[in-house]
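Novice: Structure provided below as C-alpha cells; questions to follow.
The values are calculated or read from the model by the stated rules, or taken from the named source; none is laboratory data. Note that the coordinates shown come from a computational prediction; the quantities given were computed from them, not determined experimentally. Heads up, the Cβs are rebuilt from the backbone with ideal geometry, glycines too, and the neighbour counts pull from every protein chain shown.
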Amino acid sequence: MPPVLPNERHQDAMDRADRTARHWQSKVQGKIRIGSDVHKAEVHRMFAETFNPYRPSVIPWPKLDAETLHRITSLPIWDIAVETEGKARLRMAAYAGDLRDPDMRMALALNAWEENRHKDVLSKLVQAYDIPLAVEPPYIKPKDTEWAYLVTGFSECVDSFFAFGLFEVAKRSGFFPPELIETFEPVMQEECRHILLFANWLAWHRARLPFYKRPWFELRVWAVWVFLGYERVGLARSMDGEGKERTQDNNFTVTGAQSMSNVEIEIGELMQICLAENDRRFSGYDTRLLRPTTMPALTRLAIRVMKMMKRKKK
C-alpha cells in the first residue's frame, strides 16, 4: 500500500472538517423545548462542534484567465462585502460581551471570530486578484448592542438566502472556475451556521423575556425589518475611510444573477433555486433546531403570486 503524502493527509482532514461543519445531530432524546436550558445548551453545542478550522492564510487561490479575472474584479460587491464582515464582527462581539449566559456568550463570540475570518478571506482574495477597494471606514462599537445584533442577524438571514441561490447559479453556469467555487464553499456553509444560530438565539431570547418586555422587543424587531427594507429599496450611500461619499448597489441580488451567469435567468427561477439551496444547506442539522423562516415564506408567496398572474394573462 503506497504511503499517504502530507498534502493528501491535509486534504483528508479538510474533507472531514467540511463534513462535520454540515452535519450535526443532538444527542438529546425526544422533543427540545424552544427557549429551555436544553435548547440553549444544544444550540451552543451545535455551533461549537460544527466549527471548521480552515485558515485563510493557506487558501490556494487559483490562477484565472483574463476573462474570468475581469468578471470577478468588475463585480460591484467587494467594498461592501469587506465592510459588512467588519461591522458584523464588531457588532456580534459587542453584544456577546453584554450577555450573561456563558453558552450564548461563547457561541456569539465564536460567531464574531468567524465573521472576522470571512473578512480575512475576502482580504486575501482582494490581494490575490488586485481588486481595488475604497478605504475602509472606521468601525465604531455600537451603543445599543442588542439593536446592532438584530440588524446584523436579520440582514444575514436575508442576504444569505439569496447568496445561496446566486452561488449555485454561478456553480451551474460555469461562469467562475470550479476551483474558486470550491474555495468559497466553506464560507457559504458557515453563513448557514450563522443564521441557524441567530434564529435559535432569537427564539431563546424571546422565550426568556418577561411578558412586559416582549411588546417593546417585538416593536424593535418590526423596526429592524422596516430599516432593512428601506436600506435595500435603492442605493446605500456611505462614507469611505477618506470621508468621501460613495454609492454602492445594496440591492445586488436583483441584478446579481446576470453577473453570476452567462445565460438568462428569470426571477422566478432564481427564487426556486434560492429555496432549494436554502433547504439543502440546512438539511444536515438537527430538525429540532429552528431555521430562519421569513425569506423562504415570502419567496414562496411571491412565486405563488407570479404563477397566478401568469395564469390570468393566458
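Novice: Return yes when V158 is of a type outside the set (K, R), under 30 Å from M46 (Cα atoms), modelled with pLDDT of 90 or more and buried (at least 16 other Cβ atoms within 10 Å of the Cβ) and no when it is not.
Specialist: For V158, the condition - of a type outside the set (K, R), under 30 Å from M46 (Cα atoms), modelled with pLDDT of 90 or more and buried (at least 16 other Cβ atoms within 10 Å of the Cβ) - is met.
Novice: Would segment 38-49 turn up any residue that is out of contact with any Pro (no Cβ under 8 Å at 6 or more places or on another chain), of a type outside the set (G, A, S), surrounded by 14 or more Cβ atoms within 10 Å (Cβ to Cβ) and part of a loop (DSSP other than H, G, I, E, B)?
Specialist: Within segment 38-49, not a single residue is out of contact with any Pro (no Cβ under 8 Å at 6 or more places or on another chain), of a type outside the set (G, A, S), surrounded by 14 or more Cβ atoms within 10 Å (Cβ to Cβ) and part of a loop (DSSP other than H, G, I, E, B).
Novice: Going through A96, A66 one at a time, which residue ends up being loosely packed, with under 15 Cβ neighbours inside 10 Å, farther than 28 Å from M14 by Cα, among the small types (G, A, S) and free of Cβ contacts under 8 Å to residues at least 40 places away in the same chain?
Specialist: The conditions single out A66.
Novice: Consider segment 99-109. How many of its residues are of a type in the set (A, V, I, L, M) and surrounded by fewer than 19 Cβ atoms within 10 Å (Cβ to Cβ)?
Specialist: 2
Novice: List the number of the failed condition for V158; all other conditions in (1) touching a Leu at 6+ places or on another chain (Cβ under 9 Å); (2) over 30 Å from E266 (Cα atoms) hold.
Specialist: Unmet condition: (2).
Novice: Next up: Among the residues of segment 67-96, write down those that are assigned to a helix (DSSP H, G or I) and among the aliphatic types (A, V, I, L, M).
Specialist: L69, I72, I80, A81, V82, A88, L90, M92, A93, A94, A96
Novice: Name the pairs: first residue in segment 40-61 and closer than 30 Å to R100 by Cβ, second residue hydroxyl-bearing (S, T, Y) and modelled with pLDDT of 95 or more, Cβ to Cβ under 7 Å, at least 6 apart or on different chains?
Specialist: Listed pairs, sorted by first residue: E42/S26; M46/Y285.
Novice: Another one. Quick one: in segment 196-217, of everything that is of a type in the set (A, V, I, L, M, F, W, C) and assigned to a loop (DSSP other than H, G, I, E, B), which residue is nearest to A41 (Cα to Cα)?
Specialist: Top of the filtered list is L209.
Novice: For R193, are the conditions met, namely being crowded, with 21+ Cβ neighbours inside 10 Å, among the charged types (D, E, K, R) and out of contact with any Asp or Glu (no Cβ under 7 Å at 6 or more places or on another chain)?
Specialist: yes
Novice: Between L64, L108, L150, L125, which is more than 28 Å from L298 (Cβ to Cβ), assigned to a helix (DSSP H, G or I) and either at pLDDT 90 or above or out of contact with any Ser or Thr (no Cβ under 7 Å at 6 or more places or on another chain) (or both)?
Specialist: When all the criteria are applied, what remains is L125.
Novice: Could you run through segment 34-59 and say how many residues are farther than 21 Å from E191 by Cα and either out of contact with any helix residue (DSSP H, G or I) (no Cβ under 7 Å at 6 or more places or on another chain) or modelled with pLDDT under 85 (or both)?
Specialist: 3
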